[in-house]
Every structure is written in C-alpha cells, then in structure tokens.
C-alpha cells in the first residue's frame, strides 16, 4: 500500500517540478522588459526550489516507511535520483541560462559561474545522507523487529 502511495507521490512530484522548472525557465525567453523578466524569474524559481525541497522531504518520509515495512531501500535511492535530477537541471541548465540572461542585459558584472559546483556538492551531501538514513533505519528495524535470519533460525530450531 505504501509503495503505491510512494509511486503516486513521486509521479505527482515529477510532474509538478517539471512544470515549475519549465515555467521559471520560460521567463528567461521573454521578450519583455529585462527587469520585469528578472523579477518574475526569481519569483517562480523560488517557488520551484520550495516545491523541490518539500516534495523531497515528503518522498523521504514515505521512502522510510517503505524501507521499514518491506526492508528494501529502493524508494530512498529513487528519491535521491529525483532530487539530484532536478538539482542538476536547475543548477546546470536553468541557472546557467539565468546567468547568461543577466550578462546579455547588463544586470550583473560577474564573470564566472560557480553554481554547478554547489549543485554537485548538494547531490553528494544528499547521497551521504540517504546512505546513513538507510543504515540507521535498517538497524533500528532489525533491533525492534528482529532480522529475518534470526526468525528463520528460531523457527528451524523448533
């Protein structure tokens, strides 16, 4: 049951993030006033980032339930793929287009762009967090419920 709920939430999150990412990116192709375009991009990009973090946390909560019930960590790692995928799209492509938009319209004096490095760092930290999360939940589950191996040994001795 939780697996189906998780997959439904993942599908909704992917659809929502795809729409929000495209919508914020589409503002950079606007032919209107650059200042207005800048403000609208920042607004919708902020909504996109907020939706990404909220959906990632919701997916992690359900993934932990799936891990606890089924003792399989695929949902945790799929949540990481979702998160890392949208981080890469946002920080490598959309933010690069935003930086180019600012330079073309003389809205920034920066000459370098370090956001992809930050994106890689965020993905690495998230992967480490997922690894330790899976380890801790698995250990707690074994301590509280006992491992399947111990249950087989007990039933085999009787």
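Are there any pairs, at least 6 apart or on different chains, whose C-beta atoms fall under 9 Å, with the first in segment 117-144 and on the phi > 0 side of the Ramachandran plot and in a helix (DSSP H, G or I) and the second at pLDDT below 95 and exposed (fewer than 11 other Cβ atoms within 10 Å of the Cβ), and if so, which? So the pair list comes out empty. The condition (being in a helix (DSSP H, G or I) and crowded, with 19+ Cβ neighbours inside 10 Å) is satisfied by just one residue among 57, 66: 66.
The values are calculated or read from the model by the stated rules, or taken from the named source; none is laboratory data. Please read all numbers here as calculations on a predicted model, not as lab measurements. Glycine also receives a Cβ, built like all others from the backbone with ideal geometry; neighbour counts cover every protein chain displayed.
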